[in-house]
Number of protein chains: 2
Amino acid sequence: MSTAATTELERLLGTKVLTDPDRTGSWSRDQSPLADVGTPLAVVRATSTDDVVATLRVATSFGVPVVTRGAGSGLAGGANASDGCILLSVEGMDEIVEIDPARRTATVQPGVINSALGRAAAEHGLRYTPDPGSRDISSIGGNIATNAGGMTCCKYGVTADHVASLVAVLPDGTVVRTGATTRKNVTGLDLTRLLIGSEGTLAVVVEATVWLKPVSEHESTIVAMFPTVDAAVQAVVATTARTTPSAMELMDRTTIAAVNALTGMGIDAEAEAVLLITCDGPAAATEAVVCEEVASAHGATEVFRTDDRDEGAELMNARRMALPALEKQGSILLDDVGVPVGLLPDMVAAIAKVSAEHDVVVGTFGHAADGNLHPTIIFDPADDAARQRAREAFADIVRAALALGGTVSGEHGIGSLKLPFVTEMYGAAEIALMHRVKAAFDPDGIMNPGRGY
Amino acid sequence: MSTAATTELERLLGTKVLTDPDRTGSWSRDQSPLADVGTPLAVVRATSTDDVVATLRVATSFGVPVVTRGAGSGLAGGANASDGCILLSVEGMDEIVEIDPARRTATVQPGVINSALGRAAAEHGLRYTPDPGSRDISSIGGNIATNAGGMTCCKYGVTADHVASLVAVLPDGTVVRTGATTRKNVTGLDLTRLLIGSEGTLAVVVEATVWLKPVSEHESTIVAMFPTVDAAVQAVVATTARTTPSAMELMDRTTIAAVNALTGMGIDAEAEAVLLITCDGPAAATEAVVCEEVASAHGATEVFRTDDRDEGAELMNARRMALPALEKQGSILLDDVGVPVGLLPDMVAAIAKVSAEHDVVVGTFGHAADGNLHPTIIFDPADDAARQRAREAFADIVRAALALGGTVSGEHGIGSLKLPFVTEMYGAAEIALMHRVKAAFDPDGIMNPGRGY
């Protein structure tokens, strides 16, 4: 049966189909070090909607599971090959179809890299605000599949808040168009939102029309050093109650040291935490003053501010280096928990407790103003006991977030890595309902089965 | 069978069940004058989640359709009784369960009136921003069912953007809890968004946790008079390209005259259009100056501005009177189309053409900054030919919006009134998919059948 499916794919799609394991291997995994990886039956490198339709029809005919893959920058194993699947890569569908400056929309294929869209929008004085840390390597299709976040979500919202309309292919090959490019639209069920964050379990997005915003004329950046992580997150809670920064990022001492080691930036290594804050829009300067005041009132040992955009961007770059910097320290297990912002102090206390209990090093950074943290466990991959302790600490951090009314994943997705925790967040009735909704799209259960929920 | 269902409802719910047509009649219709109305089998006045569960279980057992009703202020017939249905009123579930100022959330039952929540939030210096014109008479449950909009959506988003989590009862009586009170949450499918705007076709919302925002310290209000509707909407397009007002409302000459007649406000009756604009937040004054400049540059004959919040509220009240004022002029057929903001000039031109072609009076007002207009046809209900012309004009206005890439409904919902147009916006594949999704919640098809999509 599998051979027949491969033969049919090759008949329809020729050299776009790869079956040699030496070649398919490089498409088989995302960037999550510990998620399971299988061996695909075939890789299809789609370059058009027709290719996607043909692939899904074959998959449906032969009952073969399909794993859709964008740029492969995922962190939860959601795009890893499963054994015997068709690995459908949409990386080659990377055309910016249209930028409409009057309507302030961009229409793109799923393989377009996030920052490439940003550059194209900038030519019209516009920006695409969702800015995951991976923006230089992640695709819009993957951003949609995970409902990706980023640094500016605290002011501008996540990927889902910027998608007007989608074109998607159902497993039987039917092409559907969802949503509208109006600011408000209540006609019918919101299929657009349903597809966003569905991690390839419903359909394959082949085109997206997203909202662009004008580039802000003003941007102020603040760097504030704190003697404790608790003081830093208390400042976050107080700041977000008074104003709306366009980014408010936390890095703890472990992360600071890693960033210094990688970049030689020389952030104060004695501080236990740093907040990197931006304010934009017409009130940027006023809002920045509030941020400075609150930081000082919460015991910041140093507060630096610049209204120079380039200097600010350089400072924020320290935060963008957090993950690559920590990756240099050993193997990492990156978490992505979210809690109500007011409970950040409880969450950082819980992380410290887990770190001590399991004797693991945790570098914590993240989107503090959203209550979305990335506690990152660093371990020696050659040490089996350390690996086991890392896994246990990872689970305890997720459970600590859930105990605070938080979420298993704020922006990376569930993939396979976090699947065991979904049943600890939602009840059986909610998960059964999700599976029934999935079946409305995918009655044969071939779309990324066993992932997401 | 119907009698058996009634008997069972009465056994379980006693005097909460009404079957006397003299009494059920007043629960049988919303505020849409032309949508179909049937005779319910029974009205259930639920006061608890248990009542809703019991009602839905009986409905499922006996295969009786269920129409859920909040405050009955709908404008599309979505909560009108259908023949032989159980009309489930959740109006009595009107408790504000909790306001959490630290988390900035409110947890409410569905029958809570929008402005009652606003007043309760104000006691904590907070506000619930979704502000439909009906805020004094519409309930949060109904706002959720229709994904209601309002005046401040152009800056703050629609109802869906303010709902963190829902508790809903499925037709078989299962209670599900969706979402999380974190700013970001990508765990599982987005069932919260799916329920919002679903017009009672999936489940019954029995509790909602919504986001609150701090009250803005600053608010500036601008009134600008224009010699043509086109000049006014050209100003809207130009303003929204430069800044983000917290409201930007249009009224045409017909609407102005009606408001003057009702309120004696004395808005310039010679103007063809007025824009009522507010700016809030720390940059309110700066943004208001931009709005004034753009209005003048687009030929405004008079521009008035106040930074006094009370005076501003009084001016905006003129806009809130638009619908009641037009209702005094005859029977009305209120539309709710949305187009991309840049195409507003085309939409107002199309409305003028339809008005001339069908010889009908149309008063147009609406949320211009969102491209969401309410062209309102005024007709003599005693004149059959006029009624017919009104219906035809109504249809042509919807079709003009669709021809501009717009939507059948921006914020009122489809109900039964606009059902014929849904198939002109979405294709058969999209609508079939919506019905399969509905079946995932409602396999027997008893939830508000024949409404919404």
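The values are calculated or read from the model by the stated rules, or taken from the named source; none is laboratory data. This structure is a prediction, so every number in the text was calculated from the model and none was measured. Cβ atoms come from the backbone with ideal geometry, glycine included; neighbour counts cover every protein chain shown. For accessibility, only protein heavy atoms count, side chains too; no ligands or nucleic acids. Shrake-Rupley method; radii C 1.70, N 1.55, O 1.52, S 1.80 Å.
Miscellaneous remarks
- So A:L417, is it assigned to a strand (DSSP E or B) and either small (G, A, S) or touching a residue at least 24 places away in the same chain (Cβ under 8 Å) (or both): no
- B:V158 meets each of the listed conditions (1) within 11 Å of chain A (Cβ to nearest Cβ); (2) of a type outside the set (D, E, K, R); (3) closer than 30 Å to B:G366 by Cα; (4) touching a Ser or Thr at 6+ places or on another chain (Cβ under 8 Å) apart from (4).
- Members of the stretch B:152-180 found to be in contact (Cβ under 8 Å) with a residue 60 or more places away in the chain, more than 24 Å from the chain's Cα centre (by Cα) and either crowded, with 22+ Cβ neighbours inside 10 Å or not in a strand (DSSP E or B) (or both), listed by number: B:P171, B:D172, B:G173
Residue-by-condition table, conditions (1) within 26 Å of A:L212 (Cα to Cα); (2) outside the structural domain of A:G14 (by TED's automatic domain parsing); (3) of a type in the set (G, A, S):
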{"site": "A:S61", "(1), (2), (3)": "no, no, yes"}
{"site": "A:V64", "(1), (2), (3)": "no, no, no"}
{"site": "A:G72", "(1), (2), (3)": "yes, no, yes"}
{"site": "A:G78", "(1), (2), (3)": "no, no, yes"}
{"site": "A:D83", "(1), (2), (3)": "no, no, no"}
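- Single condition B:I431 does not satisfy, out of (1) within 12 Å of chain A (Cβ to nearest Cβ); (2) open to solvent by less than 30 Å² (accessible area, probe 1.4 Å); (3) under 30 Å from B:E272 (Cα atoms): (3)
- Residue match in the stretch A:391-399 (condition: without any contact (Cβ under 8 Å) to a residue 24 or more places away in the chain and not assigned by TED's automatic domain parsing to the domain that holds A:A295): no
- Meets criteria (at pLDDT 95 or above and under 26 Å from B:V354 (Cβ atoms)) for B:L433: no
- Every condition in (1) surrounded by fewer than 21 Cβ atoms within 10 Å (Cβ to Cβ); (2) within 27 Å of B:E249 (Cα to Cα); (3) among the hydroxyl-bearing types (S, T, Y) holds for B:T423 except the one numbered (2).
- The set of residues in the stretch A:363-378 that are in contact with a helix residue (DSSP H, G or I) (Cβ under 7 Å, 6 or more places away or on another chain) and either under 13 Å from A:S409 (Cβ atoms) or surrounded by 24 or more Cβ atoms within 10 Å (Cβ to Cβ) (or both) comprises A:G363, A:T364, A:F365, A:H367, A:A368, A:A369, A:D370, A:G371, A:L373, A:P375, A:T376, A:I377.
- When B:A382, B:A350, B:A313 are checked against the criterion of being within 19 Å of B:A395 (Cβ to Cβ), among the small types (G, A, S) and either out of contact with any helix residue (DSSP H, G or I) (no Cβ under 9 Å at 6 or more places or on another chain) or not assigned by TED's automatic domain parsing to the domain that holds B:A224 (or both), a single residue qualifies: B:A350.
- Subset of the stretch A:439-453 that is open to solvent by 10 Å² or more (accessible area, probe 1.4 Å) and under 26 Å from A:H367 (Cβ atoms) - its residue that is farthest from the other protein chains (Cβ to nearest Cβ): A:R451
- Flag for A:R436 being open to solvent by 20 Å² or more (accessible area, probe 1.4 Å) and at the interface with chain B (Cβ under 8 Å from one of its Cβ atoms): yes
Residues are listed down the side, and each one gets a yes or a no for (1) more than 25 Å from A:A120 (Cβ to Cβ); (2) within 14 Å of chain B (Cβ to nearest Cβ); (3) not β-branched (V, I, T):
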residue: A:A208; (1), (2), (3): no, no, yes
residue: A:V215; (1), (2), (3): no, yes, no
residue: A:V223; (1), (2), (3): yes, no, no
residue: A:F226; (1), (2), (3): yes, no, yes
residue: A:A232; (1), (2), (3): yes, no, yes
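- Single residue of A:A203, A:A232 found to be crowded, with 23+ Cβ neighbours inside 10 Å, out of contact with any Lys or Arg (no Cβ under 6 Å at 6 or more places or on another chain) and closer than 20 Å to A:L56 by Cα: A:A203
- Taken together, B:A35, B:A71, B:A4, B:A42 contain a single residue that is open to solvent by less than 20 Å² (accessible area, probe 1.4 Å) and in contact with a helix residue (DSSP H, G or I) (Cβ under 7 Å, 6 or more places away or on another chain), which is B:A42.
A quick yes/no check of all residues on (1) in contact with a Gly (Cβ under 8 Å, 6 or more places away or on another chain); (2) open to solvent by less than 20 Å² (accessible area, probe 1.4 Å):
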position: A:A238; (1), (2): no, no
position: A:L250; (1), (2): yes, yes
position: A:V259; (1), (2): no, yes
position: A:A269; (1), (2): no, no
position: A:A273; (1), (2): no, yes
position: A:I277; (1), (2): no, yes
position: A:G281; (1), (2): no, yes
position: A:T286; (1), (2): no, no
position: A:E292; (1), (2): no, no
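- Note on the stretch A:389-406: residues that are more than 14 Å from chain B (Cβ to nearest Cβ) and either touching a strand residue (DSSP E or B) at 6+ places or on another chain (Cβ under 9 Å) or of a type in the set (K, R) (or both) total 6.
- Number of positions in the stretch B:181-195 that are within 7 Å of chain A (Cβ to nearest Cβ) and within 21 Å of the chain's Cα centre (by Cα): 3
- Restricted to the stretch A:254-369, the set of helices (runs of 4 or more DSSP H) holding at least 3 residues that are modelled with pLDDT of 95 or more and within 14 Å of another protein chain (Cβ to nearest Cβ) comprises A:284-297, A:344-358.
- Restricted to the stretch A:407-417, and to residues there that are open to solvent by 10 Å² or more (accessible area, probe 1.4 Å) and more than 8 Å from chain B (Cβ to nearest Cβ), the residue that is farthest from A:G133 (Cα to Cα) is A:S416.
- So B:V422, is it within 14 Å of another protein chain (Cβ to nearest Cβ), hydrophobic (A, V, I, L, M, F, W, C), under 18 Å from the mean Cα position of the chain (by Cα) and more than 28 Å from B:I277 (Cβ to Cβ): yes
- Test result for B:R135, touching a residue at least 60 places away in the same chain (Cβ under 8 Å) and assigned by TED's automatic domain parsing to the domain that holds B:G179: no
- Some residue of the stretch B:372-381 being in contact with an Asp or Glu (Cβ under 9 Å, 6 or more places away or on another chain), part of a loop (DSSP other than H, G, I, E, B) and either within 11 Å of another protein chain (Cβ to nearest Cβ) or of a type outside the set (S, T, N, Q) (or both): no
- In summary, A:R103 fulfils each of the numbered conditions (1) among the charged types (D, E, K, R); (2) out of contact with any Pro (no Cβ under 7 Å at 6 or more places or on another chain); (3) open to solvent by 60 Å² or more (accessible area, probe 1.4 Å) with the single exception of condition (2).
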